[in-house]
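See structure below.
Throughout, read-outs are computed from the coordinates displayed, never taken from laboratory work. Quick caveat, the model's predicted, so the values are computed rather than measured. Glycine gets a Cβ as well: all are built from the backbone with ideal geometry, and neighbour counts include every protein chain shown.
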Amino acid sequence: MPHVKVERLTKRFPSANGSITALQDVSVELAPGRIWAIVGDNGAGKTSLLKILAGVLRADAGSVYLDGNDVTRLGKRLAMAVGLAVSDTPGFYERLSGRHNLEFFGALYGLTAADVRASIESLEQALALGDPDRPYQTYSAGLKQRWLLARSLLHQPALILWDEPTRSQDPQHAAKIRALISNQLRKPGSTVIMATHHREDLATADGIVWLSQGKLRAFGERQLIDSDAAFISWWRLSQEAGQP
Amino acid sequence: MRQWFSVVWAFAVRDARIQASLKMGLFISASSALLALVPFFFIANMIGAGASSVLAAYGGDYFAFVLLGLAAGRYMNAAVAGFAGRIRSEQQEGTLEAMLSSPISLSAFLAGSLVWELVWTTAEVGLYLVIGQFVFSAHLGNANLLSLMVVLVLGLACLSALGLLSACGVLIYKEADPIGWGLSGIMRLLGGVYFPVSLLPSHLQAAAAFLPLTHFLEGLRQAVLQGRTLAELKPTLLLLLGLALILWPLGGAAFSAALRHLKRAGTLSFRS
């Protein structure tokens, strides 16, 4: 049951004008067994935070602890605990089928082809994965996204990190993904942290982490944040700007 | 250990499946091998017996000599440029990040990334040799297969380590392979692919002695063209082993450092 603690996290990326601050002094503590939504404008630091939690991005300062352990020291245990799905770089082999892609990535986690087949079958209803034997390059953007989510769940991770899970989805498939989050992933043994721009996704969350220009604006129970005047105002403005 | 082999096998299956999806791959390999050999067949005919004194240590036949040079050049391309190119493609497609967020060890990742490239290149080189022997009548009948295998393993270990260094350049600079380009160019020029190293000026011969390709090719030619035994090849084999023992830790450490750099820079996945 992963308990995530983030302490004074700072991340900068080099840029032509010096550096861009993706995260600045962010500290949050996310209770286990819950669904957490990270919200904020584009460039607020949502994806960077997810990648640092997964160990694929190193922070410049600060620490992240998973069940009290520094994630930079967890190595393989972190990899087994985390299921990461970042939409901007799905990382699938275009010429392989969805099934063969998952068989490959599953093998990296010690799963056999039969394990992967069983996972695909069990996720088929929740994610509508279509024909698993067609080349990945023939899938629509929405279907590619659902295979990405399926891959992140293959090894049954305790900490699920999803970046815009309903991206590129039509309303029907977006609803299926939300149902998966609410009905199957919300359980004592797992914690879900998802970055999102969508109001409907937010409704599935128990708590919210609100980032703005790399800084933490607020975090806590969804009902508390969601009824906050500043949050309501920001959300309305960002909707008008066409972001969520 | 079993899991390590399972992971390497998964890489090989992945790459074999991708290769199988490239319908023209085998045809292109076969025709490339044929086309690469034709000019050298005529050059060898033109040279005739004129080069036999220079090539006496290799049996005197220029075509057989250069055939093995081209074969080693293919291995060099696969291990150095091929590996670096593959890593760059993985970085651009985001699969590098996906793999490195999994629990695989660096050694399994590296071995897995190389294995199919080397298997496929061995098939290509086999094709070169078959065409060379049966179409162009190269004399390869004296080959000592055990020596050939040992030379191949040690030579590929050295070249693969250079591939790691080359991949570091690709990962960090995020563009064409500057290290591999330099290494391959120098080795092709000085390593004895097209002519014996003994023809080079003495200072370049001294430089060639530091290149793994020089010793790989020497061992390959002695094993295949002169049928030398392992005992006879001992000095060359020891040199290759020594180079592998130096280059692999160096390449592995450089590759680890490159990955750490990418994790800091946030460019494990990078779309150009």
Assuming R0 = 45 Å, what is the FRET efficiency of residue B:43 and residue A:137, from their Cβ-Cβ distance, to the nearest 0.05? 0.55
Name the residues whose placed amide hydrogens come within less than 5 Å of the amide hydrogen of residue A:34, ignoring near sequence neighbours (fewer than 5 apart) on the same chain. A:192
With each pseudo-label sitting 7 Å past Cα toward Cβ, what's the residue B:186-residue B:232 distance in nm, one decimal? 3.2 nm
Expressed as an acute angle from 0 to 90° and rounded to the nearest 10, what is the orientation of the C-alpha long axis of helix B:212-225 relative to the principal long axis of chain B? 50 degrees
Any lysines with Cα under 26 Å of the residue A:176 Cα? List them, leaving off those in the same chain fewer than 8 positions away. A:46, A:51, A:144, A:187
Mind checking B:87-97 for the average number of partner chain beta-carbons within 10 Å of each residue's beta-carbon? 4
Could you order the peptides B:35-47, B:78-90 from most to least packed, using the average number of other C-beta atoms within 10 Å per residue? B:78-90, B:35-47
Averaged over all viewing directions, the convex hull of the alpha carbons in region A:158-244 casts a projected area in nm² of 6.1 nm²
Loop chymotrypsin sites (Phe, Trp or Tyr not before Pro), region B:188-272, which have at most 16 other Cβ atoms in a 10 Å radius of their Cβ (DSSP): B:194, B:210
For the pair residue B:21/residue A:17, report the inter-label distance in nm, with labels modelled 7 Å from Cα in the Cβ direction. 4.1 nm
At 0.890 mPa s and 25 °C, plugging the Kirkwood radius over alpha-carbon pairs of chain A into Stokes-Einstein gives what diffusion coefficient in µm²/s? 133 µm²/s
What lysines does residue B:174 reach when the alpha-carbon gap must be under 17 Å and sequence neighbours fewer than 8 apart in one chain are set aside? B:263
Please state the equivalent ellipsoid semi-axes for region A:1-82: what are the square roots of 5 times the Cα gyration tensor eigenvalues, largest first, in whole Å? 22, 15, 11
Calculated FRET efficiency for the pair residue B:149/residue A:238, C-beta based, R₀ 51 Å, to 0.05: 0.20
What is the list of residues in region A:192-216 whose amide nitrogen lies under 13 Å from a point 7 angstrom out from the Cα of residue A:224, following Cα to Cβ? A:207-210
What number comes out for the charge environment of residue A:22, summing +1 per Lys or Arg and -1 per Asp or Glu over other residues with Cβ under 13 Å away? +4
Note the direction-averaged projected area, equal to a quarter of the hull surface, for the Cα convex hull of region A:79-200, in nm². 6.9 nm²
Calculate, axis by axis, the spread of Cα positions in region B:2-265 along the three principal axes, and write the results as whole Å, longest axis first. 59, 43, 36
Residue mean of other protein chain beta carbons inside 10 Å, B:12-23: 3
Per DSSP H run of at least 4 residues, take -39500 (n - 2.57); add these up for the protein assembly as shown, divide by its residues and hand me the 222 nm value, nearest 500 deg cm²/dmol. -17500 deg cm²/dmol
How far, in degrees from 0 to 90, does helix A:98-108 lean away from the longest principal axis of the Cα atoms of chain A, to the nearest 10? 70 degrees
Please report the spacing between the Cα centers of region B:170-234 and region A:106-142 in Å, no decimals. 45 Å
List the equivalent ellipsoid semi-axes of the protein assembly as shown in whole Å, largest first, each obtained as the square root of 5λ for an eigenvalue λ of the Cα gyration tensor. 54, 23, 19
Computed FRET efficiency, Cβ-Cβ of residue A:182 and residue B:250, R0 30 Å: what is it to the nearest 0.05? 0.05
Counting pairwise Cα distances across region B:100-220, what percent come out greater than 27 angstrom? 29 percent
With unit charges on the beta carbons (Lys and Arg positive, Asp and Glu negative) and the dipole taken about the Cα centre of chain B, which residue among B:113, B:129, B:211 sits farthest to the positive side? B:113
Which order do the peptides A:50-60, A:107-117 come out in when sorted by mean C-beta neighbours inside 10 angstrom, highest first? A:50-60, A:107-117
